[in-house]
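Reviewing the structure listed below.
The values are calculated or read from the model by the stated rules, or taken from the named source; none is laboratory data. Bear in mind that the values here come from a model prediction, so they are computed numbers and not experimental data. For neighbour counting, all protein chains shown are included, and Cβ atoms are generated from backbone atoms with ideal geometry for every residue, glycine included. Please note that ligands, DNA and RNA were not included when accessible areas were found on the heavy atoms of the full protein model with its side chains. Shrake-Rupley method; radii C 1.70, N 1.55, O 1.52, S 1.80 Å.
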Amino acid sequence: MSFWSILLTFLPWIAFKLILLIPLFDELLMVKIAITVAAAICVYQSCIGLNKGIIALGSVGFFALSLVMVVGLTNVWYLYHLGVFANGTLAFLTWISVLLGKPFTLSYAKQSVDPKYWDSPGFINKNYRITAAWGLSFTICVVDSLTRLQYPEIPWFVSEFVDDASMLAAILFTKHFSRPPQLRPIDKPSPTEG
């Protein structure tokens, strides 16, 4: 599974989050800029054929809705719940891909695995596990976003740490679990034998 292909799928989300961390202008303007840039990335990815799979399609839907609700209408209620909606979208799409029997990581794994293994139980099982790790990570982010709304006195950096740690855990799990199995060397007879 290529790290770069997954990174490209999540590029609109990464850009969205990174732009929100930049304290250039007032918070509302930065949110509008972040949504606009993320939506533009989604459109660009669609135009060049990179937008494939449930996560990519859901990203287009989320950022299109956010363009209307935040950039166009400045809907305060939507804006207040934006973190829950963003993380909820990713969690929902991830778990739906599992429930539909097509874990979203399958399409990325197939880019680097010989087609003769695509239907093997081990390959499919591995992708269910990796997708479940991402689903758990996104679910933790939803809980973190809801907690942030319920308890605004919790320092911002604590919530960011939880969010980032869960994402890092999913990335590391994916990197570790997507490695090909290590083959043991065949025991060779010693030169003194036989």
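If you go through the stretch 100-110 and pick out every residue that is open to solvent by 20 Å² or more (accessible area, probe 1.4 Å), assigned to a loop (DSSP other than H, G, I, E, B) and within 20 Å of Ser5 (Cβ to Cβ), you end up with 2. The set of residues in the stretch 2-38 being closer than 19 Å to Gly53 by Cα and not in a helix (DSSP H, G or I) consists of Ser2, Phe10. Looking only at residues of the stretch 69-86 that are farther than 22 Å from Thr147 by Cα, open to solvent by less than 80 Å² (accessible area, probe 1.4 Å) and free of Cβ contacts under 8 Å to residues at least 12 places away in the same chain, we find that the one that is nearest to the chain's Cα centre (by Cα) is Met69. Of the numbered criteria (1) of a type in the set (A, V, I, L, M); (2) assigned to a helix (DSSP H, G or I); (3) within 19 Å of Thr174 (Cα to Cα), the one Val113 fails is (2).
When the test is whether a residue is open to solvent by 50 Å² or more (accessible area, probe 1.4 Å), out of contact with any strand residue (DSSP E or B) (no Cβ under 8 Å at 6 or more places or on another chain) and more than 19 Å from Leu8 (Cβ to Cβ), Leu24 passes it. One residue stands out among those in the stretch 111-123 that are more than 17 Å from Ile6 (Cα to Cα) and open to solvent by 40 Å² or more (accessible area, probe 1.4 Å): the one that is farthest from the chain's Cα centre (by Cα), which is Lys116. Flag set for Leu11, criterion: surrounded by 16 or more Cβ atoms within 10 Å (Cβ to Cβ) and touching a helix residue (DSSP H, G or I) at 6+ places or on another chain (Cβ under 9 Å). Being more than 14 Å from the chain's Cα centre (by Cα) and more than 17 Å from Gly58 (Cβ to Cβ) is a condition met by at least one residue of the stretch 102-110.
Taking the stretch 41-61 as the range and being farther than 21 Å from Gly88 by Cα and open to solvent by 50 Å² or more (accessible area, probe 1.4 Å) as the test, the residues that pass are Val43, Tyr44, Ser46, Cys47, Ile48, Leu50. Against the numbered list (1) open to solvent by 40 Å² or more (accessible area, probe 1.4 Å); (2) at pLDDT 95 or above; (3) within 20 Å of the chain's Cα centre (by Cα), Glu153 comes up short only at (3).
Could you tell me whether the stretch 63-74 includes any residue that is among the aliphatic types (A, V, I, L, M) and under 23 Å from Pro152 (Cβ atoms)? Yes, the stretch 63-74 has at least one match. If we scan the stretch 1-21, do we find a residue that is more than 22 Å from Thr131 (Cβ to Cβ), touching a residue at least 40 places away in the same chain (Cβ under 8 Å) and out of contact with any His (no Cβ under 7 Å at 6 or more places or on another chain)? No: the stretch 1-21 contains no residue that is more than 22 Å from Thr131 (Cβ to Cβ), touching a residue at least 40 places away in the same chain (Cβ under 8 Å) and out of contact with any His (no Cβ under 7 Å at 6 or more places or on another chain). The residues listed here are Ile130, Ile124, Ile96, Ile140; of these, the one that is assigned to a helix (DSSP H, G or I), β-branched (Val, Ile, Thr) and touching a residue at least 60 places away in the same chain (Cβ under 8 Å) is Ile130.
For the stretch 124-150, the tally of residues that are surrounded by fewer than 18 Cβ atoms within 10 Å (Cβ to Cβ) and either β-branched (Val, Ile, Thr) or more than 17 Å from the chain's Cα centre (by Cα) (or both) stands at 7.
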